[in-house]
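First up is the structure itself, then whatever we jot down about it.
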Ligand code: ARG
């Protein structure tokens with residue numbers, strides 16, 4: 001049993017805080033994650049205090065050395081943050097008091113836990129954003145490599161999960177590239193709003209001490225400084241924006257996961273996920289399951305929950321700080337870790353997938369998804385598109401009824417539907433011709449996909 005420790009705010013009270021109430025309100029198990037940020041923030045604050053002659057240089061030196069030792073103690077596990085200390089800020093301050101005595105309390109001169117926790121959170125967010133951006137960069141690299149490798153592989157493109165038109169597999173991978181590129185831009189844009197120091201706002205109204213907030217900002221390498229001390233301690237918009245960006249990343253991954261799960265199924269059988277990223281069944285020996293993709297899809301729900309939690313925690317909160325805001329950390333940490341680990345594992349899994357090119361090319365070559373080619377063929381021979389669509393529809397229903405395929409049907413039969421058909425129809429019905437007949441910007445033709453790959457490489 002650890003010895004009873006003093007809470008930072010206890011002196012005004014005549015009765016000790018109820019133990020169950022303390023256990024209920026303690027955030028140590030969650031916010032211990034912030035110990036490095038907390039120590040970095042305290043060192044900057046104390047450095048500023050000493051430069052401004054608010055505390056003596058010698059005391060500042062003792063405090064900073066003590067804090068550096070505590071960082072080491074926590075990182076090596078010799079100091080284990082205990083819930084009785086209420087939060088990580090108190091863990092560190094109490095330990096500092098054990099080491100250097102009452103001058104430890106000077107780390108709180110002109111600072112409250114309100115601006116302290118806001119500072120820690122912003123430092124954590126800056127690190128998280130950079131880590132997720134790095135993970136996205138690796139994913140984008142794999143996607144362009146895949147696009148390059150499969151740029152001339154023709155697969156089915158879908159709408160409504162119905163085979164729609166043949167496309168270059170490179171085109172498909174680049175669609176995801178663009179989604180994750182936007183995710184990266186969102187985080188980059190958000191970074192500007194995160195990169196603002198709230199330190200020096202104190203509890204919310206400012207301080208009577210002559211703090212140099214500009215100097216603390218500089219020491220902590222924040223780009224900007226808060227404008228208003230009330231807002232500085234009350235703002236959690238950045239967490240909401242961050243968790244929202246994580247939710248969108250997860251939504252993108254989840255859509256991709258769904259494609260991979262379907263495409264690797266026996267029914268589709270377009271794609272192989274390597275054994276290193278699949279699992280078996282304990283009872284059905286033939287099974288090979290895409291569990292990693294399924295888990296990413298499932299974790300998307302968790303991250304959406306984090307976003308809903310954040311929005312709901314902040315809704316209707318009166319200014320300025322309220323203890324409710326301590327509840328921001330579980331969703332923040334969960335969203336950050338889940339998004340980061342999901343992007344990373346997905347990237348690795350994706351690298352270890354391969355398209356079944358031979359199977360797909362034989363399927364595409366005979367498929368009804370070439371029907372659009374027939375309609376466009378007729379349009380090129382001057383038939384109005386509406387008529388061409390109707391004629392092609394009749395051909396499709398004939399093909400289905402008679403059990404033939406579009407390329408196998410004779411010219412004679414085609415001519416019973418329209419006398420505009422000629423031998424050259426069969427060239428148009430080749431999947432490669434279909435893909436390369438696309439002439440528009442950003443389309444699926446090999447030439448367009450190659451241009452898109454070049455552009456994507458410059459955007460990794
Ligand atoms: N653990 C608290 C949090 O994370 C720190 C701020 C406490 N401030 C207060 N006035 N009780 O929000």
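Just a few scattered comments:
- Normalised by 2.2 N^0.38 Å, where N counts its residues, the alpha-carbon radius of gyration of the stretch 144-234 equals 1.98.
- From the Kirkwood radius over Cα pairs of the stretch 258-363, Stokes-Einstein at 25 °C and 0.890 mPa s returns a whole-number translational diffusion coefficient of 149 µm²/s.
- Ranked by how many other Cβ atoms sit within 10 Å of their own Cβ, fewest first, the residues 83, 9, 263 fall in the order 9, 83, 263.
- A simple spin-label model places the labels of residue 53 and residue 19 5.0 nm from each other, with each point 7 Å out along Cα-to-Cβ.
- Residue order for 327, 214, fewest other beta carbons within 10 angstrom first, comes to 214, 327.
- A Förster radius of 41 Å combined with the Cβ-Cβ distance from residue 315 to residue 366 puts the calculated FRET efficiency at roughly 0.15.
- Calculated FRET value between residue 419 and residue 341, using beta carbons and R₀ = 51 Å, to 0.05: 0.25
- Computed from Cα atoms alone, the Kirkwood hydrodynamic radius reported for the stretch 30-188 is 19.3 Å.
- Rg and Dmax over the alpha-carbon atoms of the stretch 323-460 stand at 23.5, 80 Å.
- Across all directions, the average flat footprint of the convex hull enclosing the Cα atoms of the chain is 30.1 nm².
- Taking label points 7 Å from Cα along the Cα-to-Cβ direction, residue 8 and residue 357 give a separation of 6.2 nm.
- More than 13 Å apart - percent of Cα-Cα pairs taken over the stretch 111-155: 68
Readers should treat all values here as calculations from the given coordinates under stated rules, not as data from a laboratory. Small disclaimer: the values here were computed from a predicted structure and weren't measured. Glycine gets a Cβ as well: all are built from the backbone with ideal geometry, and neighbour counts include every protein chain shown.
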